[in-house]
Amino acid sequence: MFHTAVQDARYALRLLGRSPVFTATAVLSLAIGIGANTTIFSVANALLLRPLPGLARANRLVDIGRTQNGRGFDTTGYPNYRDVRERTTTLSGVYAIRLEPQVMSLASADGAERVYGTTVSGNYFTVLGTEAVRGRLFTDNDDRPESAAATVISYELWQGRFGGDPLIVGKTITITGTPYAVIGVAPKGFQGTTLLRSDLWLPMSAQRGPGAGGADMFTDRRIVWLAMGGRLKDGVTLQQADAELRAIGDVLAREYPEGNANRSFRVAASAMVPGRINFVAAFMSLLMAIVGLVLLIACVNVAGMLLARAAGRRREIAVRLAMGAQRGRLVRQLLTETAVLFAAGCMAALLLTQWLTALLLSVLPQIPFPLGLEIGVDWHVVTFAVAVSLAAAVLSGLLPALQASRPNLVPSLKTEGLDGEPSRLRLRNAFVVAQITLSLLLVIAAGLFLRALGHAAAIQPGFDQANVDVVSLDFSLAGYNDAQGQRFAGDLVERAAALPGARSAVLAVDLPLDGDRMSFGDVRVPGAPRDSARRDVAPTDWNIVTPGFFQELNVRLLRGRDFKEQDTATSPHVAIVNDAFARQLFGDADPIGRNLEVDTPFGGSAGRLTIVGVAANAHMITLGDEATPYIYVPFSQHYNARMSLIVKTAGATVIPQIRALVHGMNPNLPVTTAMPLAEVTAIGLIPQRIAASVAGTLGVVGLLLAAIGIYGVTSYAVSRRTREIGIRMALGADGRMVLALVLRQAIALTAIGVGIGLAAGAAAAQLLRSLLFGVSTVDPLTFTGAALLFTVIALAASYVPARRATRIDAMVALRTD
């Protein structure tokens, strides 16, 4: 059996080598189809399937989120974490983590170096089952206010920054101006249960002290800054843990209504544990469906080519059958040839994957946070490529092999001509219709995503993002206290505005459409009850800005005034609200001068703010949603160490000058991120960009393959009908009549494929609704344009063989047997 398989493979290689054009075309089609699938799978593998390093029994890890009125999956406060940890009986351990790594400065001889640090509870590594590669990891004893300052560093930081120093444990490094003893090194590639990469970890005790708005983040349940996770006890199910945590949340809501009213907890499988179904998994499934269409098109294309090739080998196959060859043996030989083609396509696809991955990543905007994502070809990807290739080989080769192995022996032995069996012709036509349908589906998806991007660009966000540079900073990295940070910030804004090429400069905590949001709790009119269902209570997103913010981003002030220098920490605390906020709480009444109460108190303001202005609605959170209540407060009254410097330019970027300015003012203050505001706002469109790039690029491939299919079937039809065309011309048919005769078949196949494709596109578009930014799922421009495009492609692809048919010599055709 093995010897026969080797013999078949050798024969297949010789045979394919004699047809280099056929072989190259088929391998290229397969390399693109398989390569596209392998590329997207390699991303899905990195995101969803590859086991995260350093986790023991990852399938027992869970995430714990806070809910409000039974919805959501949010962070919580430190007191709630302590209560959950102490009261649970279904979890063997509960840890807390500040989910987003914080930018920190690592002192060096050349000044400060930017690193990312994550604050975790003392039992974090214990619950995850992580072991150190050097020294030890945190325990609860390291997470006490009286404990010595200690840090755990990543394997990558140890190797890159410290050269793999074997004596690193016990050494002291300076992080954001504070000395920490290195007690251990985490495993290589360790990033916990998130995609965000950290260079080092600090215990919660490093964050002790006054927190947001002057309230203690370790005692105020309303300050939500921690994500929780845990490990299921042996024998406990996810549902049991979820029920217990809901019950604990209900008890805490009764015991501490000030911070926990209408709030509880949920338990879910850890988000980055392989197999977890979440938004990422759903989006990757969409991309896999898109590239799967390309592979189907490639398979159909190759199947059509194999069918045409088998027609040319009709006499050879008939001779074999006449000499006693078994049909099963012939089918196996033909499938071996197909398998060799797909093996070559698979190898080419694996090489193509590296380039396609780089191309896919190149369309993404700069992401202002550290991703611990390594996309590459590993055994998962290779196994997937081989499995897809084998399945596609059978899918593409079986039907042509079965069709080719049952010719009509007598006619086949008499002539080398093409087989004119109706069943074979119908099969080829079906392949072409399938190609057109699948290709049209791809083009429709690409068109909808491109229309969505265009529609998003046309949406007026309510602010001006042209010629605006953004540089993010954290003043605490230079060791500044609140007063020092305020002075430095004021000096920085003044100097940045004076830079050549800069027109103005302001500061803000949150940038428009950057994906971040800040909340200080519900806001209500004084005297209103704590009931979020009432009209005079508004769950609100916040921003902290400096004077001139609205003018710089061209956000209109509808009423009242901007912030000014007289709004200081000792003066009455003020706020500017957006129009949506004003209308929700005050209707058509003038809100200027009205007071607001805030859940989280602001220092000396006792939680009360006075409205001094109303700004026009701007899309600060998401581009596709309606404007939601939003409130701005002045930086001078609500200091925050993490701010973004927003500089309006005359046209050319001034980011290099800003970097030099910051370094000159304090070389120990690293720049967190620096990019144009247009790139910041583009982050929210990453899913649409990826989908449009994938569908658009592969849609072009689908168009090309469909054109090849139409050209092939038209050429085949012309070859079959040579004698018929000769008779028609001998009887007086002219070139235009012959041209119309040949084109009619191509147009008919195209019409059928386009009709099915439009129906399939309308159905598939319903699944894309959430990504289309208001573009209709049956957008007339997209569907009409795609249909017309395929009609033109069909005419162009069939014109050449049709034109050739008009040049047939009637006398030569009539002599053809």
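Once you have a ≥ b ≥ c as the square roots of the Cα gyration tensor eigenvalues for region 120-180, tell me rounded if a/c is under 1.5, and otherwise prolate or oblate according to whether a/b is larger than b/c. Spell out each step's value before the answer.
Numbers: a/c = 2.13, a/b = 1.23, b/c = 1.74.
Note, shape of region 120-180 comes out oblate.
Within the assembled protein chains, the solvent-accessible surface assigned to Ile756 is about 80 Å², based on a 1.4 Å probe. The string of couplings for region 69-74 from the Karplus curve (6.51, -1.76, 1.60, θ = phi - 60°) is 6, x, 10, x, 7, 10 Hz, one whole number per residue in order, with x for Gly and Pro.
Look at the Cα gyration tensor of region 1-131: its axes a ≥ b ≥ c give a/c of at least 1.5 with a/b over b/c, and that counts as prolate.
Entry comment: accessible area of region 140-253 is 41 Å² per residue, from protein heavy atoms only and a probe of 1.4 Å. Let a ≥ b ≥ c be the square roots of the eigenvalues of the Cα gyration tensor of region 85-219; is it rounded (a/c under 1.5), or, if not, prolate (a/b larger than b/c) or oblate? Oblate, since a/c reaches 1.5 and b/c is not below a/b.
In region 75-157, which trypsin sites (Lys or Arg not before Pro) fall in coil by DSSP and have 11 or fewer other Cβ atoms within 10 Å? Mind showing how you got there, number by number?
Values: sites: Arg82, Arg85, Arg87, Arg98, Arg114, Arg134, Arg136; in loops: Arg98, Arg136.
The qualifying sites: there are none.
Each of Glu597, Glu131 has its accessible area taken with a 1.4 Å probe; listed largest first, they run Glu131, Glu597.
The values are calculated or read from the model by the stated rules, or taken from the named source; none is laboratory data. Just so we're clear, the structure is a prediction, and the values are computed from it rather than from any experiment. Using ideal geometry, Cβ is built from the backbone for each residue, glycine included, and neighbour counts are taken over all protein chains shown. Heads up: the accessible areas ignore ligands, DNA and RNA and are worked out on the full protein's heavy atoms, side chains in. Shrake-Rupley method; radii C 1.70, N 1.55, O 1.52, S 1.80 Å.
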